[in-house]
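Visitor: Before we start, here is the structure in question, set down as structure tokens.
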Amino acid sequence: MNSTLSIPRFVLARLRDGAVVLFLVVLTIFVLAFVVGNPVEYYAPPDATQEEIDRLNRILGFDRPFHVQFADYFGGLVRGDFGDSLFQRRPAIHPILEALPATILLSLTGIAVAGLWGAVTGVIAGVRPGSIFDRVANFLSVSMVSVPNFWLGLLLIVIFAVQLRALPTSGFFDPKGLILPTLTLGLVHGGRIFLIVRSVTFEETTKPYVMVAESKGLPFSYVVGRHILRNAGVTIATTVGWEYVRMMGGTAFAIEFVFAWPGVGNLMIDSANRQDFPVLQAGVILTGVFVIVANIVVDLGSKVVDRRLQPA
Amino acid sequence: MSSISTTSSRQGVVLPAARSGRRHGRWALSFWVGLLVVFLLVGVTGDLAAPYEPFEQAPLDRLSAPMTTTERGLHVFGTDPLGRDLLSSIIFGTRLTLLIGLVATVIGAVIGTLIGTAAGYYGGWVDRIGMRLAEAQTAMPMFLVAILLLSVLGPSIINLIVVLPALIWPTFARIIRAETMRLRSTPFIEAAQALGCSGATIMFRHLIPNLAGRIGVLVVVSVGHVMLAEAGLSFLGVGVQPPEITWGLLISLGRPYLAVAWWLTIIPGVFLGLVVLSINMIGRYHERHLGAAG
């Protein structure tokens, strides 16, 4: 559909779609928060009179009709105001900005391990299909994506922290505390990257140009490095990009919880437990913005690098 | 499609099929199907298959390691802080674990298939709305939304079955839409249109039956995904609540004892992993062969 568009028009079309999607996200999360409950009942002391509850409702603006509240909230969003946290009485964006560096640090180390591990093993397995290495790596990777990621984290804690006493289970300020959560993310996402890279590389080896290159008498390792990797490279890079989006879109949150990592995921879980809707809404919307923009960037990147791309 | 075809490129020779490889694949397939059938049977028979009453407490035998023999007998997987037999709890929890995964997947599959076929067949604004909804759903961190919903509405099995399908319907919608668009221009659909069939007739009598194989594979793959999500929500304490038991909940209940009784956390996860692994292995096998056939 977009394949015939020039790059500026492609970006425009994607931005327009992205804006619609973002509006739907904002609307959905606002409706959900509106429908599921009134946080005032949670924040008011148990012996509060009806009068006091009404007053709290009025102060927080929860007594207004839905469309007024939504218009107010949306108007704020446009100006970059996500409302105030109910729990901390300060802009909802502040606790998120404070937690963000920890999440970014963990996700970057996680994707680095996952990308390196998945891409290297994937290429090796893809050019040697059916080999022992291929079979073992394949089985391990499918296993990694078949177990719950938080369970894998707990397993690593049992092995390295409880049994071997080699590594700490948590701790943001000790660099060693980063090892286990990174390893968990690396194994899970590395498994997914492996599966895609392997199949892309394998498909590349079946193409006629490989046969031509080999029939010229070029050594296979040269063909892999010179031809196959160059052609599979874009897809491999895109795959790693998608995987990062996926990680930031939610998978890393459960891992943060397991390792008590002071990132956005833990903040969100805490906010849900204390019904701090503005923080939760801000988190969901910002994650949505990230996913939408990242999707456009990844698509655009692969379009710019490889102008032949013709999406089916 | 994108996965393995049965040609050997290394020597540049196209073999009909790497024969030994395919036979190996078939043996492996029987193994994973067999494993899954065993779990299904355990799910159906439930506590009848358990060596002990799952809720029978024995405080004196608490936190026994796996393979400990107590006065009551052998505890293959050890016991929990109340002396309950872990193997019995796992067997008892099989039914609900599988049931939630299946029911939620089927609901998500139905929603996604309907939206996907309609979007692909009608195109235009139906397509645009359907696809934007799917994208919005994908862009939302559903895990957070599920936590919000379940923490306020209260954790219950019904709420889980409402929330979990949201995780998978966009995948169904996207893939089924693409397949529908491919089929829409084929002669048999054009013939049906020429005969005056309504859109609904074409969707339900012609398009969906033709996509059944593809939908089937997607369902198989999604069950694993949904089961992992259920485990995640139960792990965070917003899913299934005691006295109901799922494997995800068992992992969560065992977590505080991680340092003294690893088996409470690790063993239920191994079972969950085995079920999802066999589902994924079966799914990959079918994907390969549907891909080769289609």
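Visitor: Regarding A:Glu256, is this residue more than 21 Å from the chain's Cα centre (by Cα) and charged (D, E, K, R)?
Guide: Considered against the rule, which asks whether it is more than 21 Å from the chain's Cα centre (by Cα) and charged (D, E, K, R), A:Glu256 comes out as no.
Visitor: In the range B:97-135, how many are crowded, with 22+ Cβ neighbours inside 10 Å and not β-branched (Val, Ile, Thr)?
Guide: 12
Visitor: If you don't mind, another one. Restricting attention to the range A:32-55, and to residues there that are touching a residue at least 12 places away in the same chain (Cβ under 8 Å) and of a type in the set (A, V, I, L, M), which single residue is nearest to the other protein chains (Cβ to nearest Cβ)?
Guide: A:Ala33
Visitor: If you don't mind, another one. Tell me which residues, restricted to the range A:69-83, are without any contact (Cβ under 8 Å) to a residue 24 or more places away in the chain and not acidic (Asp, Glu).
Guide: A:Ala71, A:Gly75, A:Gly76, A:Val78, A:Arg79, A:Gly80
Visitor: Looking at B:Glu244 and the list (1) assigned to a helix (DSSP H, G or I); (2) within 14 Å of B:Ile91 (Cα to Cα), which single condition is not satisfied?
Guide: Condition not satisfied by B:Glu244: (1).
Visitor: Testing A:Asn38 on (1) loosely packed, with under 15 Cβ neighbours inside 10 Å; (2) at pLDDT below 75; (3) under 17 Å from A:Gln281 (Cα atoms), one condition comes back false. Which one is that?
Guide: Evaluating A:Asn38 over (1) loosely packed, with under 15 Cβ neighbours inside 10 Å; (2) at pLDDT below 75; (3) under 17 Å from A:Gln281 (Cα atoms) leaves (1) as the failure.
Visitor: Would you call A:Phe173 surrounded by fewer than 20 Cβ atoms within 10 Å (Cβ to Cβ) and modelled with pLDDT of 90 or more?
Guide: In short, no.
Visitor: Somewhere in the range B:258-269, is a residue at the interface with chain A (Cβ under 9 Å from one of its Cβ atoms), buried (at least 24 other Cβ atoms within 10 Å of the Cβ), touching a residue at least 60 places away in the same chain (Cβ under 8 Å) and touching a helix residue (DSSP H, G or I) at 6+ places or on another chain (Cβ under 7 Å)?
Guide: Yes, there is a match, as at least one residue in the range B:258-269 is at the interface with chain A (Cβ under 9 Å from one of its Cβ atoms), buried (at least 24 other Cβ atoms within 10 Å of the Cβ), touching a residue at least 60 places away in the same chain (Cβ under 8 Å) and touching a helix residue (DSSP H, G or I) at 6+ places or on another chain (Cβ under 7 Å).
Visitor: Got at least one residue in the range B:194-213 being touching a Leu at 6+ places or on another chain (Cβ under 7 Å) and either free of Cβ contacts under 8 Å to residues at least 40 places away in the same chain or within 30 Å of A:Gly265 (Cβ to Cβ) (or both)?
Guide: Yes, the range B:194-213 contains a residue that is touching a Leu at 6+ places or on another chain (Cβ under 7 Å) and either free of Cβ contacts under 8 Å to residues at least 40 places away in the same chain or within 30 Å of A:Gly265 (Cβ to Cβ) (or both).
Visitor: Going through B:Ile208, B:Ile251 one at a time, which residue ends up being part of a helix (DSSP H, G or I), more than 11 Å from chain A (Cβ to nearest Cβ) and modelled with pLDDT of 85 or more?
Guide: Criteria check complete, one pass: B:Ile208.
Visitor: From A:Thr239, A:Thr201, A:Thr251, A:Thr182, which residue is crowded, with 20+ Cβ neighbours inside 10 Å, touching a residue at least 40 places away in the same chain (Cβ under 8 Å), more than 13 Å from chain B (Cβ to nearest Cβ) and part of a helix (DSSP H, G or I)?
Guide: A:Thr182
Visitor: If only one of A:Gly110, A:Gly126 is touching a residue at least 60 places away in the same chain (Cβ under 8 Å) and over 26 Å from A:Thr206 (Cβ atoms), which one is it?
Guide: Within the list A:Gly110, A:Gly126, the selection yields A:Gly110.
Visitor: With hydrophobic (A, V, I, L, M, F, W, C), touching a residue at least 60 places away in the same chain (Cβ under 8 Å) and over 19 Å from B:Val226 (Cα atoms) as the only criterion, which of B:Ala109, B:Ala118 stands out?
Guide: The unique qualifying residue is B:Ala118.
Conditions tested, residue by residue: (1) under 20 Å from B:Pro256 (Cα atoms); (2) buried (at least 20 other Cβ atoms within 10 Å of the Cβ).
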| site | (1), (2) |
| --- | --- |
| B:Gln57 | yes, no |
| B:Arg62 | yes, no |
| B:Thr69 | no, no |
| B:Leu74 | no, no |
| B:Gly83 | yes, no |
| B:Ile91 | no, yes |
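Visitor: Here is a further query. Those residues that are basic (Lys, Arg) and farther than 16 Å from B:Val238 by Cβ, I need them from the range A:246-305; list them, please.
Guide: Answer for the range A:246-305, where residues must be basic (Lys, Arg) and farther than 16 Å from B:Val238 by Cβ: A:Arg246, A:Lys303.
Visitor: For the range B:136-158, give me each residue that is at pLDDT 80 or above and more than 30 Å from A:Leu15 (Cβ to Cβ).
Guide: Correct list: B:Ile157, B:Ile158.
Visitor: Among the residues of the range B:134-149, which ones are more than 20 Å from the chain's Cα centre (by Cα) and touching a residue at least 24 places away in the same chain (Cβ under 8 Å)?
Guide: Result: B:Glu135, single match.
Visitor: Right, next: Only one residue in A:Gly122, A:Gly115, A:Gly110 is outside any loop (DSSP other than H, G, I, E, B), within 14 Å of chain B (Cβ to nearest Cβ) and under 26 Å from the mean Cα position of the chain (by Cα). Which one?
Guide: The unique qualifying residue is A:Gly122.
Visitor: Looking for whichever is touching a residue at least 24 places away in the same chain (Cβ under 8 Å) and among the hydroxyl-bearing types (Ser, Thr, Tyr) here; the options are B:Thr171, B:Thr186. Which one fits?
Guide: None of the others qualify; the one that does is B:Thr171.
Let's see how each residue does on (1) farther than 21 Å from A:Val26 by Cα; (2) not in a loop (DSSP other than H, G, I, E, B):
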site: A:Ile53; (1), (2): yes, yes
site: A:Phe74; (1), (2): no, yes
site: A:Gly80; (1), (2): no, no
site: A:Gln88; (1), (2): yes, no
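Listed here are the residues, each with its yes/no results for (1) facing chain B (nearest Cβ under 9 Å); (2) surrounded by fewer than 17 Cβ atoms within 10 Å (Cβ to Cβ); (3) more than 19 Å from the chain's Cα centre (by Cα).
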{"residue": "A:Ser215", "(1), (2), (3)": "yes, yes, yes"}
{"residue": "A:Leu218", "(1), (2), (3)": "no, yes, yes"}
{"residue": "A:His227", "(1), (2), (3)": "no, no, yes"}
{"residue": "A:Val264", "(1), (2), (3)": "no, no, no"}
{"residue": "A:Val284", "(1), (2), (3)": "yes, no, no"}
{"residue": "A:Val293", "(1), (2), (3)": "no, yes, no"}
{"residue": "A:Val304", "(1), (2), (3)": "no, yes, yes"}
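Visitor: If you don't mind, another one. Condition first: buried (at least 18 other Cβ atoms within 10 Å of the Cβ), more than 16 Å from B:Glu230 (Cα to Cα) and small (Gly, Ala, Ser). Now tell me which residues in the range B:149-206 satisfy that.
Guide: B:Ala173
Visitor: Being at the interface with another protein chain (Cβ under 9 Å from one of its Cβ atoms), more than 28 Å from B:Phe235 (Cβ to Cβ) and in a helix (DSSP H, G or I), is that true of even one residue in the range A:144-163?
Guide: no
This table checks each residue for (1) over 26 Å from A:Trp261 (Cα atoms); (2) in contact with a helix residue (DSSP H, G or I) (Cβ under 6 Å, 6 or more places away or on another chain); (3) among the β-branched types (Val, Ile, Thr).
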{"residue": "A:Phe30", "(1), (2), (3)": "yes, yes, no"}
{"residue": "A:Glu41", "(1), (2), (3)": "yes, no, no"}
{"residue": "A:Val68", "(1), (2), (3)": "yes, no, yes"}
{"residue": "A:Gly75", "(1), (2), (3)": "yes, no, no"}
{"residue": "A:Arg79", "(1), (2), (3)": "yes, no, no"}
{"residue": "A:Arg90", "(1), (2), (3)": "no, no, no"}
{"residue": "A:Glu98", "(1), (2), (3)": "no, no, no"}
{"residue": "A:Leu105", "(1), (2), (3)": "no, no, no"}
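Visitor: Looking at A:Ile104, A:Ile29, A:Ile93 in this structure, which one is buried (at least 17 other Cβ atoms within 10 Å of the Cβ), among the hydrophobic types (A, V, I, L, M, F, W, C), out of contact with any Gly (no Cβ under 7 Å at 6 or more places or on another chain) and more than 14 Å from chain B (Cβ to nearest Cβ)?
Guide: A:Ile93
Visitor: I need a count of the residues in the range B:241-254 that are touching a residue at least 40 places away in the same chain (Cβ under 8 Å) and surrounded by fewer than 24 Cβ atoms within 10 Å (Cβ to Cβ).
Guide: Residues flagged as touching a residue at least 40 places away in the same chain (Cβ under 8 Å) and surrounded by fewer than 24 Cβ atoms within 10 Å (Cβ to Cβ) within the range B:241-254 amount to 5.
The values are calculated or read from the model by the stated rules, or taken from the named source; none is laboratory data. Model, not experiment: these values are computed from the prediction. Don't worry about glycine lacking a Cβ; one is built from the backbone with ideal geometry, like all the others, and counts go over all protein chains shown.
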